[in-house]
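Here is the structure we will look at, set down as structure tokens.
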Amino acid sequence: MELFLWRRQARHELRCTPVSPRGLQLNVSPVTTTTTSHRRSERVYVGHASSSADSARDTLCSILTSYRTQARVLHQSKKGVSECSGGISGEMPSNKSVSDAPITQFVNCRILKNHKLQWEDLWVREGKILNPEKLFFDEKGFADHKVDCGSKIIAPGFIDVQINGGYGIDFSQASSDIRGGVALVAKKILEHGVTSFCPTLVTSPPDIYHKVIPELRAQDGGPEGAGVLGIHLEGPFISEEKRGAHPPKFLRTFKAGGVADLMETYGHLDNVAMVTLAPELPNSAAAIRELSGRGITVSLGHSMADLSQAEEAVQNGATFITHLFNAMLPFHHRDPGIVGLLTSDHIPPGQTVYYGMIADGIHTHPAALRIAHRAHPAGLVLVTDAVTAMGLPPGRHTLGQQQIDIQGLHAYVAGTTTLSGSIATMDMCVRHFREVSGCTVEAALEAASLHPAQLLGISHRKGTLEYGTDADFIVLDDTLTVRETYIAGQQVWRK
Amino acid sequence: MRLVILDDYDLASEWAAKYIRNRIIQFKPSADRYFTLGLPTGSTPLGCYTKLIEYHKNGDLSFKYVKTFNMDEYVGLPRDHPESYHSYMWNNFFKHIDIEPQNTHILDGNASNLQAECEAFEQKITAAGGIELFVGGIGPDGHIAFNEPGSSLVSRTRVKTLAKDTIVANARFFGNDLSRVPTMTLTVGVGTVMDAREVMILITGAHKAFALYKAIEEGVNHMWTVSAFQQHPRTIFICDEDATLELRVKTVKYFKGLMHVHNQLVEPTLSVKDYMD
């Protein structure tokens with residue numbers, strides 16, 4: 001607590017009486033009575049009438065000492081504030097019933113709440129979004145710091161559920177420093193507004209899985225980088241015809257489909273958040289049930305399945321489609337294939353089928369993006385499917401067990417015209433999606449935050465700005481360019 | 001009484017807000033002399049609250065040394081329910097201004113001992129030095145706060161069961177489902193409001209016209225509890241044209257003729273900036 005002394009015109013008596021065990025009432029009769037409001041950093045103005053600030057300060061200090069109260073005594077004059085020498089310094093006890101942790105209030109901003117951008121303040125304490133009404137009435141509390149956001153937008157941090165690497169790092173390679181590689185990518189993607197992600201492994205031989213999966217542990221984000229939610233295993237149980245850029249020799253089929261197949265291939269599933277597989281492979285049903293029973297999201301992709309096979313997979317627990325349209329049968333009006341899940345009436349009630357879309361302008365024609373979005377807007381999840389070369393200059397690079405060529409915004413399997421993942425960043429995808437679909441800003445932002453969180457079943461703590469959820473959020477301007485990134489209420493990147 | 005008649009709802013809200021603003025600033029509230037304000041809820045005062053927030057955001061008005069006491073709160077409604085009066089006050093007023101949380105007082109409809117809660121509220125008002133200005137509205141049945149027809153004109157803060165009229169009027173906030181409207185409230189009494197040094201009643205809209213007529217042109221009657229303020233030394237009624245529809249032309253003409261006098265209370269509109277040391 002800081003006590004400011006200032007001169008008053010007439011002579012006044014300076015008296016101090018404690019008002020409660022935690023409060024202190026200072027009477028400078030007859031003008032000023034000040035009661036502390038039971039919190040730190042409270043400034044209390046006390047008038048003094050003595051000819052010098054020093055004698056007033058001494059009187060005040062001795063009174064405070066006699067009441068065993070601590071305060072820092074400062075003198076405010078026309079020249080500014082200076083501390084009286086010999087003042088006592090210390091903190092007043094706080095009576096915030098729930099926590100003494102500092103509270104930050106972000107003002108002058110539009111926040112994404114209840115699917116709408118609203119002119120509301122965002123309150124954060126201890127890494128979570130705080131309910132200011134509860135703070136006001138329950139704790140009689142208020143903000144310690146206010147941050148002016150300059151009328152910008154605050155949205156939940158983006159969540160990328162399909163990213164294979166970037167900046168020269170390939171998650172599917174058993175490099176000497178797997179964790180360092182993930183950490184580098186995690187740090188860099190903060191610039192794109194991504195606060196949580198699923199490092200993705202493409203089809204690889206079992207020994208790669210056995211080596212890499214234990215190293216990619218789920219962890220919270222922070223100043224070091226975005227949080228790892230869990231691994232996305234894209235393969236190897238996928239279709240040969242629709243393997244895309246995945247190496248054919250490491251593709252596998254299910255022997256019995258149960259735990260044994262999965263364990264033999266992957267080693268263990270502890271850090272795994274999602275598995276992409278082709279449901280038309282024999283015995284896939286058992287695998288799908290096993291994985292979804294463990295809380296692992298099952299995604300359909302790189303597949304030749306028809307709609308009924310896809311629907312059966314959904315009934316067994318599949319909830320996602322990996323990069324819709326790519327690496328699957330094209331939509332046909334008599335057999336819509338996997339794409340037909342968007343409007344299928346065989347989805348179990350209460351379940352939503354989500355679908356990933358790479359909105360880089362290359363992997364999907366804007367018209368196809370619009371058709372999917374209009375058919376099933378609530379299920380659209382923006383993913384980058386970013387490859388090693390994302391963030392790197394044009395040229396030849398390594399992805400999984402293969403070589404790729406970068407040309408502009410295109411990444412091809414070396415020597416072919418088969419696309420090999422994208423190098424667009426998540427914020428580029430959000431902007432592109434908004435531009436070509438004509439959707440609202442809210443819908444574009446939710447496709448990269450709320451929907452992936454719902455897909456992974458973590459929307460109670462991520463992907464929204466609801467009270468009590470993790471304070472992972474981004475500040476954007478009206479062009480949807482990311483200006484600042486926050487994780488757990490702490491600024492981890494700014495432009 | 002003063003009867004201030006403005007052309008429409010917006011002008012009436014603005015006049016009321018200016019009046020409150022001037023009263024607070026003229027009072028020169030400070031840390032040892034708070035301005036105590038009684039506050040209403042409902043749709044009528046929303047315009048007034050909006051204007052007060054605007055004045056605060058412009059830097060012309062501060063609520064740092066203002067203590068507020070709300071009139072009422074539903075019993076049994078969770079405090080964070082969007083229709084509770086706590087939510088109303090937070091969303092429509094407190095979160096936009098610089099009032100300190102411990103200086104706001106709203107009855108707790110979920111207290112374990114409602115009677116004790118009411119008595120404590122009365123004591124808090126006394127401890128704060130009484131209410132300087134109590135702002136209120138009027139129900140279609142002429143009630144002040146939730147003092148329904150038949151309430152004692154010297155009543156204090158207590159539990160009240162709502163009249164059917166009031167429940168019907170409130171149904172619109174509960175999805176027009178009468179079964180979801182709370183039936184009991186805690187409310188300040190007529191006597192509690194009469195103890196305030198000044199009372200300001202906001203009345204707008206044609207549906208309030210008959211209640212206004214009963215309140216000021218007929219006698220003091222516990223069936224129209226706002227009529228009690230005929231016996232208060234300092235009452236000001238602020239209304240729009242529509243609310244005067246049931247009054248005698250003579251009454252309206254008289255008070256409209258006094259507007260130049262009334263306007264001196266709000267012009268010039270003071271600002272806290274003029275009083276910064």
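Odds and ends about this structure:
- Screening region A:182-208 for residues that are in a loop (DSSP other than H, G, I, E, B) and closer than 18 Å to residue A:323 by Cβ and picking the one that is nearest to the chain's Cα centre (by Cα) gives A:202.
- Selection of helices (runs of 4 or more DSSP H) fully inside region A:239-323 by the criterion of at least 1 residues being β-branched (Val, Ile, Thr) and either modelled with pLDDT of 95 or more or closer than 26 Å to residue A:342 by Cβ (or both) returns A:284-293, A:307-315.
- Test result for residue A:240, surrounded by fewer than 22 Cβ atoms within 10 Å (Cβ to Cβ) and either out of contact with any Leu (no Cβ under 8 Å at 6 or more places or on another chain) or at positive phi (or both): no
- Restricted to region A:93-106, and to residues there that are assigned to a loop (DSSP other than H, G, I, E, B) and of a type in the set (S, T, N, Q), the residue that is nearest to the other protein chains (Cβ to nearest Cβ) is A:95.
- Some residue of region A:231-240 being touching a residue at least 40 places away in the same chain (Cβ under 8 Å), within 22 Å of residue A:485 (Cβ to Cβ) and in contact with a Cys (Cβ under 8 Å, 6 or more places away or on another chain): yes
- Counting only residues that are among the basic types (Lys, Arg), more than 9 Å from chain A (Cβ to nearest Cβ) and in a loop (DSSP other than H, G, I, E, B), region B:64-89 holds 1 of them.
- Taking region A:377-408 as the range and being more than 16 Å from residue A:164 (Cβ to Cβ), surrounded by fewer than 17 Cβ atoms within 10 Å (Cβ to Cβ) and among the hydrophobic types (A, V, I, L, M, F, W, C) as the test, only A:378 passes.
- Qualifying residue in region B:191-205 (condition: of a type outside the set (Lys, Arg), within 22 Å of the chain's Cα centre (by Cα) and over 23 Å from residue B:131 (Cα atoms)): yes
- Considering residues of region B:1-34 that are in a loop (DSSP other than H, G, I, E, B) and under 25 Å from residue B:242 (Cβ atoms) only, the residue modelled with the lowest pLDDT: B:1
- Single residue of region B:90-117 satisfying the filter (more than 9 Å from every other protein chain (Cβ to nearest Cβ) and within 15 Å of the chain's Cα centre (by Cα)) that is surrounded by the fewest Cβ atoms within 10 Å (Cβ to Cβ): B:92
The values are calculated or read from the model by the stated rules, or taken from the named source; none is laboratory data. These numbers were taken from a predicted model, which means no experiment stands behind them. Cβ: placed from backbone, ideal geometry, glycine included. Neighbour counts: every protein chain shown.
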